[in-house]
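Chemist: Have a look at this one.
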DNA sequence: ATTATTTTTGAATAAAAGTTCAATATTTTT
DNA sequence: AAAAATATTGAACTTTTATTCAAAAATAAT
């Protein structure tokens, strides 16, 4: 079999991330992606079924890597619930720190991809949140966390908050520090706004 | 001058909200809106410049009403910072409780409208967040709120969290109670997750 | 009742963009 | 070196949908 030099599939994905971040999924033309990836329009369709398929693969790659990281940590370490929640927030942020464009695509096109297939999309990040929920439960049992609030709400709350913060950061072009934001979030999650 | 019976402009906006919520802005055709509003395709263009203009007006109406409510309260009452923040969360949620479809459009199409004009879009809700920031500052001064966290981060954090929760609720078709979520949010904002 | 004005219509138009595929180029095999 | 296999191409095709506008309908004015 013929050996492929380079990796057009990857080039196309990366070009797509850049385009989607800059112009949004719907305003990105296949030819935009092709030009940036240095391939012909037709090649895009050799590597991906259609435009939707590209977006889908971007999300899949993202969540696979986030989940893998946190899953390893959960298995191989023995962190307290408090430390584990902090680590999860760290890893999630870090994934986006590595690639701001993915952060923008993540926030902007999430509804789009959820519309394609709710079930498929949920599966992508549910595993991650499941781990979070597991450790929140442990924290409540051990009386480290408050008994008062609904665990499902927290789950969604924290996810939404982070999603929005990342969006804000990614669009600000580094004018705000994501590391600082990350610390603020961890503090706020732990302590709320009331002085103690 | 001829007297108009009914209100086609309003019919069109309401039909658009329903369509955008169900299928998303980009997947909604003008004819979908026209059929639901019981008007001809051409009429849509009599009342609105183009498709974008409809989305724009939806957001404008929404934020105008939210801001008006909270602005009146801020002027005419003398609530403590803590109570005021709670009231702002209440009013924001209530706007969406009144119309779940607006909640879905709000969350899904926000990036879309921000792309049209960042400046215009920001103006829509900045006034609301400004009031929030004002009361957070007061709370910090009065030592009711913690001195530790960044006020800007809080501002964005809370906004994003609420945005996401509303989305979740709107899409769940009432399977979760928004009133319950609202209370959870207020508690979480106040106290964080650590037991005290 | 007739004319003028305003509102509504929807078929026709135009523009845009996703997708295909026969032809070409490149690499591997014999 | 020729043939076979695979990869790449981009112009042409197709589909989709936003927008227009001349005509018709409805209402108001004379």
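The values are calculated or read from the model by the stated rules, or taken from the named source; none is laboratory data. Predicted, not measured: the structure shown is a model, and the values here were computed from it. Neighbour counts are summed over all protein chains in view; Cβ atoms, including those assigned to glycine, are modelled from backbone coordinates with ideal geometry.
Chemist: Restricting attention to the stretch B:137-144, does a residue exist that is at pLDDT 75 or above, more than 10 Å from chain A (Cβ to nearest Cβ) and within 11 Å of the chain's Cα centre (by Cα)?
Modeler: no
Chemist: Given (1) in the same structural domain as residue B:113 (by TED's automatic domain parsing); (2) within 12 Å of DNA strand C (Cβ to nearest atom), identify the lone condition not met by residue B:31.
Modeler: Of the numbered conditions (1) in the same structural domain as residue B:113 (by TED's automatic domain parsing); (2) within 12 Å of DNA strand C (Cβ to nearest atom), the odd one out for residue B:31 is (1).
Chemist: Take residues that are modelled with pLDDT of 95 or more and tell me which of the helices (runs of 4 or more DSSP H) falling wholly in the stretch B:12-111 contain 1 or more. Steps first, answer last, please.
Modeler: Values: elements: B:30-37, B:41-47, B:51-76, B:81-98.
Because the criterion is at least 1 residues that are modelled with pLDDT of 95 or more, the helices (runs of 4 or more DSSP H) in the stretch B:12-111 that meet it are B:30-37, B:41-47, B:51-76.
Chemist: Of the residues A:54, A:33, which single one is in contact with a helix residue (DSSP H, G or I) (Cβ under 6 Å, 6 or more places away or on another chain) and either more than 16 Å from DNA strand D (Cβ to nearest atom) or closer than 29 Å to residue A:130 by Cα (or both)? Before the answer, list the steps.
Modeler: Values: A:33 fails: either more than 16 Å from DNA strand D (Cβ to nearest atom) or closer than 29 Å to residue A:130 by Cα (or both).
The match here is A:54.
Chemist: Continuing with this model, one more query. Only one of these conditions is not met by residue B:11: (1) under 26 Å from residue B:128 (Cα atoms); (2) more than 16 Å from the chain's Cα centre (by Cα); (3) more than 14 Å from DNA strand D (Cβ to nearest atom). Which number is it?
Modeler: (1)
Chemist: Report every pair of residues separated by at least 6 positions or lying on different chains whose Cβ atoms are under 8 Å apart, first residue within the stretch A:27-52 and more than 14 Å from every other protein chain (Cβ to nearest Cβ), second assigned to a loop (DSSP other than H, G, I, E, B) and within 8 Å of DNA strand D (Cβ to nearest atom).
Modeler: Listed by first residue and then by second, the contacts come to A:34/A:40.
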